[in-house]
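The values are calculated or read from the model by the stated rules, or taken from the named source; none is laboratory data. None of the values given here were measured: they were computed from a predicted structure. Here the Cβ is made from the backbone with ideal geometry for all residues, glycine too, and neighbour counts use every protein chain on show.
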Amino acid sequence: MAATILVVEDEPAIQELISYGLRQAGHETFCAGDAEQAMKIVNDVLPDLVLLDWMLPGMSGIELAKILRRAPRTKNIPIIMLTARTEEFDKISGLEVGADDYITKPFSPRELAARIKAVLRRRSPESADDVVEINELRLDPVTHRVTVNDHEVILGPTEFRLLYFLMTHTERVHSRSQLLDGVWGDHVFVEDRTVDVHIRRLRKILEPVGKDGLVQTVRGTGYRLSVGRA
């Protein structure tokens with residue numbers, strides 16, 4: 001599963017090594033050498049996961065983790081602590097401030113990739129690479145292919161993300177603002193009516209294969225995808 005990952009590490013060589021490995025694995029990376037720079041990137045990008053070194057110049061990684069966990073906008077971002085500390089007390093301290101995992105240096109790129117995948121699956125099961133299928137409508141997040149009975153349905157990037165979000169949150173009614181946050185990201189500023197435009201496009205694309213009825217309008221509230229409709 002590809003993700004946007006912020007690497008907070010003050011050693012340039014280690015920072016570049018980690019970032020290179022993550023890019024090779026298909027992730028998009030941003031790098032920061034201290035907590036202040038990290039917060040600027042978080043405010044601009046809102047990453048899917050933060051790799052956070054314990055020992056940073058100025059504010060420590062532990063203090064930065066506390067700040068991220070207190071803020072409503074960042075409290076749910078997965079955090080993996082990176083550190084040379086191996087004592088059980090240190091590990092517990094990291095987990096108690098809200099870290100999702102803890103990796104001691106040195107570590108292999110394969111171990112890091114596996115830990116990242118595990119944390120992302122725990123935090124956001126809908127972000128996994130698993131194929132989603134509802135009423136013969138099949139979406140593959142890896143190949144970005146949508147099919148109905150082996151007939152391929154061509155979607156634009158936004159309609160694909162919108163359909164994926166709805167298919168992984170079935171029967172739940174989402175307001176326009178919730179869809180904007182979930183599909184576009186809460187750091188992107190677009191109007192609520194943008195959602196209506198893309199919902200109409202999605203339905204129009206699904207209509208020839210008889211699946212437009214899956215996407216329902218809930219008057220005065222928003223939209224949902226219902227598995228009981230086709």
Of all residues in the stretch 28-65 being touching a residue at least 40 places away in the same chain (Cβ under 8 Å) and assigned to a loop (DSSP other than H, G, I, E, B), the one that is farthest from Ser108 (Cα to Cα): Leu46
Residues (among the hydrophobic types (A, V, I, L, M, F, W, C) and out of contact with any Leu (no Cβ under 8 Å at 6 or more places or on another chain)) located in the stretch 1-21: Ala2, Ala13, Ile14, Leu17
In the stretch 113-149, what residues are in contact with a Gly (Cβ under 8 Å, 6 or more places away or on another chain) and either more than 17 Å from Ser19 (Cα to Cα) or modelled with pLDDT of 90 or more (or both)? Val148
In the stretch 207-230, residues that are in a helix (DSSP H, G or I) and within 17 Å of His169 (Cβ to Cβ) total 1
Check the stretch 7-16 and report whether any residue there is surrounded by 14 or more Cβ atoms within 10 Å (Cβ to Cβ) and either part of a strand (DSSP E or B) or at pLDDT below 90 (or both). yes
Can we say Arg193 is in the same structural domain as Pro47 (by TED's automatic domain parsing) and at pLDDT below 85? no
Positions within the stretch 31-82 being touching an Asp or Glu at 6+ places or on another chain (Cβ under 8 Å), surrounded by fewer than 15 Cβ atoms within 10 Å (Cβ to Cβ) and among the hydrophobic types (A, V, I, L, M, F, W, C), in sequence order: Met55
Across the stretch 166-182, the tally of residues that are at positive phi and touching a helix residue (DSSP H, G or I) at 6+ places or on another chain (Cβ under 9 Å) stands at 0
